[in-house]
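First the structure, in the form of structure tokens, and then the observations on it.
The values are calculated or read from the model by the stated rules, or taken from the named source; none is laboratory data. Quick caveat, the model's predicted, so the values are computed rather than measured. All Cβ positions, even for glycine, are placed from backbone atoms using ideal geometry, and neighbour counts span all protein chains on display. Keep in mind that these areas ignore ligands, DNA and RNA; they rest on the heavy atoms of the full protein, side chains included. Shrake-Rupley method; radii C 1.70, N 1.55, O 1.52, S 1.80 Å.
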Amino acid sequence: MSVIPMKVVDNTTVTSLESITAKAQTPTPIVVSVTRPKATWVKPVLHWLLPPVIGLTLFVLVWQLLSQSTPNLPSPGKTWVSAVELFSDPFYRKGPNDQGIGWNILSSLQRVEIGFGLAALIGIPLGFMIGRFKFLNGMLSPIISLLRPVSPLAWLPIGLLVFQAANPASIWVIFISSIWPIIINTAVGVTRVPQDYMNVARVLNLSEWKIMTRILFPAVLPYMMTGIRLSIGVAWLVIVAAEMLTGGKGIGFWVWDEWNNLNVEHIIIAIFVVGIIGLLLEQMLLLMAKRFTYEE
């Protein structure tokens, strides 16, 4: 009779098996990873802010380098100190030709307001009529095409001759320079009105006033606002050159006066002031134009 060999299992092996079994029976704790929400606004803000900051920094660096190589050109730091001093009292009066920069800016804005207002008052109805009536369009288009490219300052002698005074001559230059974008954009907007709209108006036998106010005006409004935005930019560009030639008061006259006094810091400050005000005017009208823009 043969004897079956018995395998001996030591206590250590038994203990390890028990521990494995215990581990298998023990429920695995569920680890919930809590992730904080990412700040999604950081990246767009950096994309929006970083390019202009880098551009302005490079601009100031180039300006600083140029001022070091050109003794007559003031540095950014010197111009900044002069600007702080200038704007500490912008509304002083020491005579008709010695006023603070604030009064000169207000004087220029008032001229732009009058000249641009007259251009809008005449240009918008004229643009509607040119776009609405083909005969009028054919009659006035050659005149507009002829006069529109004329340099704004070429109109100044005509203004001085007619009005015999510097202030209305400056307003005249602003008016004649800023009226063309208003007329052209309004007329183009009228011609772009869908023909179906006009057919409906014809079927309903609407009067010309109702066609103008109920159909044309809402459809043309975005084109008209674009023309107004372009015109205000032209008006602000023209006023500086016109005031340099006519004198009196205004930001253009102030720049020319500071040039005669060889105060280059003030000229650079005026350049920045003109640029900032022009940018604000354009952005203001751009926001207004967006409110009247619609998707077809």
What do you reckon, is residue 277 surrounded by 20 or more Cβ atoms within 10 Å (Cβ to Cβ), within 19 Å of the chain's Cα centre (by Cα) and within 22 Å of residue 152 (Cβ to Cβ)? no
Scanning region 85-108 for residues that are under 15 Å from residue 263 (Cβ atoms) and among the β-branched types (Val, Ile, Thr) gives 101
Scan region 219-249 for residues that are under 20 Å from the mean Cα position of the chain (by Cα) and not aliphatic (A, V, I, L, M) and jot them down. 222, 223, 226, 227, 229, 231, 233, 236
What's the number of the condition residue 271 fails, among (1) within 18 Å of residue 106 (Cα to Cα); (2) surrounded by 20 or more Cβ atoms within 10 Å (Cβ to Cβ)? (2)
Checklist (1) loosely packed, with under 12 Cβ neighbours inside 10 Å; (2) over 25 Å from the mean Cα position of the chain (by Cα) applied to residue 58, failing item: (2)
Can you name the helices (runs of 4 or more DSSP H) wholly within region 175-284 that have at least 1 residues being among the β-branched types (Val, Ile, Thr) and under 30 Å from residue 76 (Cβ atoms)? 217-246, 251-260
What tally of residues in region 122-170 results from selecting those that are in contact with a helix residue (DSSP H, G or I) (Cβ under 8 Å, 6 or more places away or on another chain), over 16 Å from residue 240 (Cα atoms) and among the aliphatic types (A, V, I, L, M)? 12
So for region 250-263 (the condition being surrounded by 16 or more Cβ atoms within 10 Å (Cβ to Cβ), at positive phi, within 24 Å of the chain's Cα centre (by Cα) and not acidic (Asp, Glu)), does at least one residue qualify? yes
If the requirement is being open to solvent by less than 80 Å² (accessible area, probe 1.4 Å), more than 18 Å from residue 110 (Cβ to Cβ) and of a type in the set (A, V, I, L, M), which of these qualifies: 183, 174, 143, 239? 183
